[in-house]
Amino acid sequence: MSLVRSAGLQKFRQVVEGLGGDANAYARKAGLPDGALDTDELLVEDTALAAVLEIAAADLGCPDLGLRVAEAQDFGMLGPLAVAIQHSASVADALECTSRYLFVHARDLSVSLVDDPDGARGVVGLRYSFGAGVRPLPQATDMTTLFVHRAVMFLVGGDYGLRSVDLPHQPVAARTRYEDAFGARVRFGRDSALLRVPSSLLSRPLDGVDETLRRLALAFLSRHSPEAGPVVAAKVRAVLDQSLGTGSTDLVDVARVLAVHPRTLQRQLAAEGESFASILEGVRRARARTYLTTTDMPLAQVSNLVGFAEQAVLTRCARRWWGRTPTALRREARVRG
């Protein structure tokens, strides 16, 4: 089990309710947390995400549900990663960026280039992997693979010469439905989910690149990457940043996300000169400052979003962090603005 951002369920509610289904009931049955269908920022179990698609598809008698959801999804659901990808110089740069920073979106997902399984000259494989030993359910595989295909089309502005598609399961919808969705031949029961694309695609430049936007997005992603400074501390910081205000920030739960024992996690952080408490405080401090200086939301709401049970706790922390009250910090920011 791994965790992914609930952005992966973007448009699920819209598609399901358009078919007459009860999206909330399916979410509860799959064990998804409240709000998972209506926000992009919750961390949810990948098994629950896959399960809700299977549950809904079966109840609605809609075997192509995963394909339908992917067709409705927006490339922007990847957040800052989408910005960095879109403003890369070429398709190869975009793929490198995706491979490096997909951790921010989902820890065990990866996109990589591999040799063409057919050995065809001038063709490479764009493989979407779900983690070692994981054989994902058909609806989630259909949804994510089609999303990758549509993302490439979005980047290059249309057709890119897709040769064929490999899927690791047998078809759950009509074969023609798959081929209509991908616009290419689809092969089933293969080793992995993979798009066979022309190798020349990699050098294709992207249009409308804004280097400033790319640098800003990469700066954000770098702060949350396991390669940014001490490895374990960066992973903890990334999980806390995504969980703050929407999920648990307890040591035990963060350790579970990272698949380590809590005591082991504490020892690893200590070896890097860090502590769980100091990382959590740093994430809270940065988030609180952003809310206080860039929004008008009530202080009680700010307190809740940074994980404090009472507004008084925010006030005490603000005095310790910045030597002033939250209200005074907000006032100073407005004067400077």
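Some notes on this structure:
- Counted charge near PRO63, where neighbours are those whose Cβ lies closer than 13 Å (Asp, Glu -1; Lys, Arg +1): -1
- Acute angle (nearest 10 degrees) that the helix 211-223 long axis makes with the longest principal axis of the chain, alpha-carbon atoms: 70
- Put in order of Cβ neighbour count within 10 Å, fewest first, the listed residues LYS235, LYS11, LYS29 become LYS29, LYS11, LYS235.
- Remark: the stretch 3-203 is approximated by an ellipsoid whose semi-axes, taken from the C-alpha gyration tensor as √(5λ), come to 27, 19, 15 Å, largest first.
- Amide proton proximity set for ASP64, modelled H, under 5 Å, gap of 5+: none
- Three-way shape call for the stretch 226-336 based on the alpha-carbon gyration tensor, with the a/c threshold at 1.5: prolate
- For the chain, the longest principal axis of the C-alpha atoms and the axis of helix 46-60 are separated by about 50°.
- Mean-position separation - Cα centroids, the stretch 21-78 and the stretch 283-320, in angstrom: 32
- DSSP beta bridges in the stretch 3-203 [antiparallel fraction, %, rounded to 5]: 85
- Nitroxide proxy distance, nm - points 7 Å out along Cα→Cβ at ALA259 and THR290: 2.7
- Rounded to the nearest 10 degrees, the angle from helix 311-322 to the longest Cα principal axis of the chain is 80 degrees.
- Fewest-first sequence of ARG28, ARG330, ARG256 by Cβ atoms within 10 Å of each Cβ: ARG28, ARG256, ARG330
- A cut-off of 5 Å between modelled amide H atoms, ignoring neighbours fewer than 5 places along the same chain, links GLY245 with GLY307.
- For ARG185, residues with placed amide H under 5 Å, excluding near neighbours: VAL165
- Intensity falloff of the chain expressed as log10 I(q)/I(0), Debye formula with alpha-carbon point scatterers, at q = 0.06, 0.11 Å⁻¹: -0.25, -0.80
Any read-out appearing in this document is the output of simple, stated calculations on the displayed coordinates, not a laboratory observation. This structure is a prediction, so every number in the text was calculated from the model and none was measured. Note: ideal-geometry Cβ built from the backbone for every residue, glycine included; neighbour counts use all protein chains shown.
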